[in-house]
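This report concerns only the one structure given below.
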Amino acid sequence: MLAALPLATLVAACGQDSAVEERGDMLEERADAVENVGDDRAGQLEEMADEAPTDAQEDALNARAEEIDDIGDNRAEALNERADEME
């Protein structure tokens, strides 16, 4: 039955997002940005680790890169969960 309805009709039926849904969308965008920053910083640390003069320094930098990546992922996940509650 829904397949027979034109796409424009379905989109119009959905209406515009409420203010709460708009805030949820903004939170999702923020979550993406937070995750990207964490990924970028972790990547920088991994590059530094590749050039570290000792194995101990390389290991420490790689461990810190993993921590930074996990922090970004966890923060992004929390933001996405809040955004989902708003939709």
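Observations on the structure shown:
- Check on V20, among the β-branched types (V, I, T), at pLDDT below 95 and surrounded by fewer than 10 Cβ atoms within 10 Å (Cβ to Cβ): no
- For beta carbons closer than 6 Å, sequence separation of 6+ or different chains, a first residue in region 69-87 that is among the polar types (S, T, N, Q) and a second that is in a helix (DSSP H, G or I) and surrounded by 13 or more Cβ atoms within 10 Å (Cβ to Cβ), the qualifying pairs are N80/A31.
- Residues of region 39-57 that are in a helix (DSSP H, G or I) and over 27 Å from the mean Cα position of the chain (by Cα): D55, A56, Q57.
- Residue within region 44-60 that is hydrophobic (A, V, I, L, M, F, W, C), on the phi < 0 side of the Ramachandran plot and at pLDDT below 95 present: no
The values are calculated or read from the model by the stated rules, or taken from the named source; none is laboratory data. Since we're looking at a predicted model, the values are computed, not measured. Please note: Cβ atoms are built from the backbone with ideal geometry, for glycine as well, and neighbour counts cover all protein chains shown.
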